[in-house]
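The values are calculated or read from the model by the stated rules, or taken from the named source; none is laboratory data. If you're wondering where the values come from, they're calculated on a predicted model, not measured in any experiment. Here the Cβ positions follow ideal geometry from the backbone for every residue, glycine too, while neighbour counts run over all protein chains shown.
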Amino acid sequence: MSDILNSLVQIVGEKGVSNHPEEIWFYSRDPGTLEPHEPDFVVAPRRVDEVRDIVKFAYEKSIPLVPMGNGMALTGLVRPLKGGIVMDMKRMNKILEVNERGRYVVLEGGVSQGQLKAYLEDNYPHLRHSIPDAPPGTTIAANVALHGQGRLTQQYGFNSDMVTGLEVVLPTGEVCKVGSCSIGPYWFSKGPSLPDISGLFLGWLGATGVFTKVGLRLFPRKSLRDVEVFVTDRADLVEDIIYRLTHTEMIEDLTIWFQPKPMIFKDNYHINVYFTGDTEEEIEFKRKMIWDSLKVHMDSKDGGFMGVGAMKATFLEEPQRSIAAFADVPKGGGFEYSGPISPIEHFAKYTAKVYELAAKYNLLFAGTARVISGGHAMMYGISFAFNRADKEMMNNVKEALEEANEFTLEHGSIPWKPTVSEQQMTMNMMDPNTLKIMKMIKKNLDPKGIMNPGNWEVS
Amino acid sequence: MYSLKHDEEVCATCPSPDCLLKCQYMDMDKEQAHEEIMKVVQGEDSLVLHKCMTCYGCEEYCRRGNHPYYLICEKREEKGILTAARPITNQWINMTSMQGKSMTGAIEEKALSCCLIPELKGLGRGRLFEDIAPSFIVGAEFMCPAVHTHFAKMSVVKDRLPKVLENYSALNVKEVVCLHDECYATFTSIAPAYGIEVPFEPIHYMDYLLEKLHVLKDEIQPLNVRAAYQRPCSNRLIPDKLHLVKEIMDLIGVDLMEREYQGENSLCCGEILRTISGYQLTDDVQKRNIDDMAASGAEYSVFNCPFCQTTLSEKAIKAGLKPIHMIDLCKMAIGEKQGGAIK
């Protein structure tokens, strides 16, 4: 053990390595319901050559290695299931380049969402990125590694669709560039018109390499932003409402949510419609188009726009902090969700299941959905809050989420940032030839199986 | 269940059906107005039941005190006619339901009612309220249910109002100063219209303010500003209190500007119109209203109802006006900071 420690110290210095119990405790868990797994070492590199040397060392010694951003996935994705080294990327936090006219940024693998947001606001006020509704300390690289979604996902797709290039340290230690940056200084395309090899890394949850640099698309930041909230009590209408709203092609973000408490939200489905503009005229024009698109449902009295009033400031927050407030409703600060990427047509079915599970397991729930890419799919979040001190409640949440996952998988959904058991369930349902390709990729890139072992592990 | 005291004969013999003739949202001649209100009275379908915007105006226009607005609401509910979307209607019912979360201070015989509007608790502080602020009441258990008339849910009003009054009664209060105009209107208009006894004396906050300002007269520094007043819908139920606005303004040195849309011709803030009718009518009404305030030469737009203030503040600011609640204006006049109003 001390040999490994000494080797790691030689690479990153004493302050960049730890095997102290407090760090081991901290890096063994995430805030979800899954049981902790202890690493043997925690290492925090500052440069790509240090990452490379750590990975090479781990490969040579066959030591499991888990790259980590902020560890907030809630689904236990950076718990070191087989021990070894957790590589905390947060010290690699430089924003390397902003190409203003090309609207992209190149940043190191530990840059956080909050850091990029603040940097752009200070230096490029006309640009923004697709910030997720996650704590601001979560990292860009981890977000794209798990196909994250954010505030601009309705308009532009998954945050991983916004990647314009990658620098990845492969499990064998080579530093590999992906996209236009592999042939020149520009980071404008992760694939086209080259063969797009970013798929060897995006969505693999760190099981095929460590992201040391990410190129990311930026988007116009309009000077005005507003929200309207459409409310209906019929889950079966939500699919049509989404279809009509996305037809306007004017919506920045589209989220659907329902929860039993407080009473103002009881029994209704709320559709938050975000839109932007550079002038009052633009905003008002879009507002009218949005209202007009749902006239049929207003005329039938099945739905209407609610007065947002004092709630508007909360709705417009980026990221939204109301999720943290939900986690503390039963006291004890626990919160976990299942987030299947789903066909929109299943909204009503999934919603009925949420109510059923909440009743069966006696849990407080919140249901959310975010429309993806103009209405091709939605990320459906089934969230349960729990008291961390209440083991029975935590277990109920775990069982309820497992049942939810099973149900949504059976209905054609794909689990988002899946737990290891969800990954296994998914692979069990997968076409054998697809599975074969995944196995080939993993085996060739990571022949010793050291990278984030347990994740996307094809048996 | 209580029932509305409405006299069919009063409508049948009405020489001038002002209730509908003066309506700002339906255009009728005298003959049609009479016909339509009689259809409502006799339980027939009427365009009134489909087009009423619930501005409360007809309660004020009716000179014979026959409660046309409450009648329209009753008949709508009887026929299952929704004014707003069903989920919005239920949202209001749910969010105002009694959940045992009310707060009361050190209650004395005279209490200060903040309805279900926490911001009013902030307004009801300072020297003007030092006598009664500790005896505050806020919460759904003490909320006036008049808002449900907008959704034609008179059953909710009739169910909840007696409970609200019981809750007040349990506190042994003798006088209640209502910071929400609509609470006072509920206790003095809706309750008697349904034969519901109010077990205390309701006091409109403007009456209270006037009295206090007289006491503090020597400390008033005339503000020497011009203001346009936004009259809320609830004030249509208590037109006898309208004069208080001018009296208070005079006392604190505020020039209350003449407007096209004032008194009986006041325009709704638009929030309920938006819910019931959509943006076209709302945009039109709000634009006319704000333009009229600005054209009057006012520097301030003065609000009585916090909801009106929330709804119109941004538009008022964009028109170069300074939105402010009546109470805050009075606080300014005695050199106090504003507090609690929705900015």
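Quick rundown of the values:
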item	result
Test: residue in segment B:63-82 that is more than 14 Å from every other protein chain (Cβ to nearest Cβ), part of a loop (DSSP other than H, G, I, E, B), in contact with a helix residue (DSSP H, G or I) (Cβ under 9 Å, 6 or more places away or on another chain) and surrounded by 21 or more Cβ atoms within 10 Å (Cβ to Cβ)	yes
Tally of residues being surrounded by fewer than 22 Cβ atoms within 10 Å (Cβ to Cβ) and either within 22 Å of the chain's Cα centre (by Cα) or of a type outside the set (Asp, Glu) (or both) across segment A:335-349	6
Residue in segment B:201-211 that is in contact with a Ser or Thr (Cβ under 8 Å, 6 or more places away or on another chain) and of a type outside the set (Ser, Thr, Tyr) present	yes
Pick from segment B:282-302, criterion touching a helix residue (DSSP H, G or I) at 6+ places or on another chain (Cβ under 8 Å) and away from chain A (no Cβ under 14 Å), ranking: nearest to residue B:183 (Cα to Cα)	B:302
Hits in segment A:236-256 - residues which are among the acidic types (Asp, Glu), touching a residue at least 60 places away in the same chain (Cβ under 8 Å) and more than 14 Å from every other protein chain (Cβ to nearest Cβ)	A:239, A:249, A:252, A:253
Pair list, Cβ under 7 Å, 6 or more apart: segment A:431-459 residue free of Cβ contacts under 8 Å to residues at least 60 places away in the same chain, other residue charged (D, E, K, R)	A:458/A:439; A:458/A:442
Scope segment B:11-33; condition over 24 Å from the mean Cα position of the chain (by Cα), within 25 Å of residue B:266 (Cβ to Cβ) and outside any loop (DSSP other than H, G, I, E, B); matching residues	B:11, B:30, B:32, B:33
Test for residue A:76: is it in contact (Cβ under 8 Å) with a residue 60 or more places away in the chain, part of a loop (DSSP other than H, G, I, E, B) and at positive phi	yes
The lone exception for residue A:160 - which of (1) buried (at least 24 other Cβ atoms within 10 Å of the Cβ); (2) touching a helix residue (DSSP H, G or I) at 6+ places or on another chain (Cβ under 8 Å); (3) not in a loop (DSSP other than H, G, I, E, B) it fails	(1)
Residue A:259 vs. criteria surrounded by 14 or more Cβ atoms within 10 Å (Cβ to Cβ), within 14 Å of chain B (Cβ to nearest Cβ) and at pLDDT below 95	yes
Qualifying residue in segment B:262-281 (condition: away from chain A (no Cβ under 14 Å), surrounded by fewer than 22 Cβ atoms within 10 Å (Cβ to Cβ) and in contact with a helix residue (DSSP H, G or I) (Cβ under 7 Å, 6 or more places away or on another chain))	yes
Where a residue in segment B:95-120 is in contact (Cβ under 8 Å) with a residue 40 or more places away in the chain and more than 10 Å from chain A (Cβ to nearest Cβ) and its partner, wherever it lies, is of a type in the set (D, E, K, R) and part of a loop (DSSP other than H, G, I, E, B), with Cβ under 8 Å and at least six apart	B:109/B:174; B:110/B:131; B:110/B:174
Residue B:131 vs. criteria under 26 Å from residue B:281 (Cα atoms) and either without any contact (Cβ under 8 Å) to a residue 12 or more places away in the chain or surrounded by fewer than 21 Cβ atoms within 10 Å (Cβ to Cβ) (or both)	no
Complete set of residues in segment A:335-378 that are of a type in the set (Asp, Glu) and touching a strand residue (DSSP E or B) at 6+ places or on another chain (Cβ under 8 Å)	A:336
Test result for residue A:223, away from chain B (no Cβ under 11 Å), out of contact with any helix residue (DSSP H, G or I) (no Cβ under 8 Å at 6 or more places or on another chain) and touching a residue at least 40 places away in the same chain (Cβ under 8 Å)	yes
Which numbered condition residue A:87 fails, given (1) on the phi < 0 side of the Ramachandran plot; (2) surrounded by fewer than 19 Cβ atoms within 10 Å (Cβ to Cβ); (3) not aromatic (Phe, Trp, Tyr)	(2)
Of all residues making up segment A:389-427, the number that are at pLDDT 90 or above, more than 21 Å from residue A:376 (Cβ to Cβ) and outside any helix (DSSP H, G or I)	1
Considering residues of segment A:428-459 that are assigned to a loop (DSSP other than H, G, I, E, B) and β-branched (Val, Ile, Thr) only, the residue modelled with the lowest pLDDT	A:458
Considering residues of segment A:278-287 that are surrounded by 14 or more Cβ atoms within 10 Å (Cβ to Cβ) and without any contact (Cβ under 8 Å) to a residue 24 or more places away in the chain only, the residue nearest to the other protein chains (Cβ to nearest Cβ)	A:284
Verdict on residue A:165 being under 16 Å from residue A:103 (Cα atoms) and in contact with a Phe, Trp or Tyr (Cβ under 9 Å, 6 or more places away or on another chain)	yes
Subset tally (residues that are within 16 Å of residue A:254 (Cα to Cα) and either more than 7 Å from chain B (Cβ to nearest Cβ) or at pLDDT below 90 (or both)) for segment A:306-320	9
Residue satisfying condition, being in contact with a Gly (Cβ under 8 Å, 6 or more places away or on another chain) and under 30 Å from residue A:296 (Cα atoms), within set B:79, B:75	B:75
Members of segment A:292-325 found to be among the aromatic types (Phe, Trp, Tyr) and buried (at least 20 other Cβ atoms within 10 Å of the Cβ), listed by number	A:305
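Table: residues versus (1) farther than 23 Å from residue A:218 by Cα; (2) without any contact (Cβ under 8 Å) to a residue 40 or more places away in the chain; (3) buried (at least 17 other Cβ atoms within 10 Å of the Cβ).
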{"position": "A:70", "(1), (2), (3)": "no, no, yes"}
{"position": "A:93", "(1), (2), (3)": "no, yes, no"}
{"position": "A:104", "(1), (2), (3)": "no, no, yes"}
{"position": "A:115", "(1), (2), (3)": "no, yes, yes"}
{"position": "A:120", "(1), (2), (3)": "no, no, yes"}
{"position": "A:130", "(1), (2), (3)": "no, no, yes"}
{"position": "A:136", "(1), (2), (3)": "no, no, yes"}
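Matching residues to (1) over 22 Å from residue B:195 (Cβ atoms); (2) exposed (fewer than 13 other Cβ atoms within 10 Å of the Cβ):
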residue	(1), (2)
B:3	no, yes
B:8	no, yes
B:15	yes, yes
B:18	yes, no
B:26	yes, no
B:29	yes, yes
B:37	yes, no
B:49	yes, no
B:55	yes, no
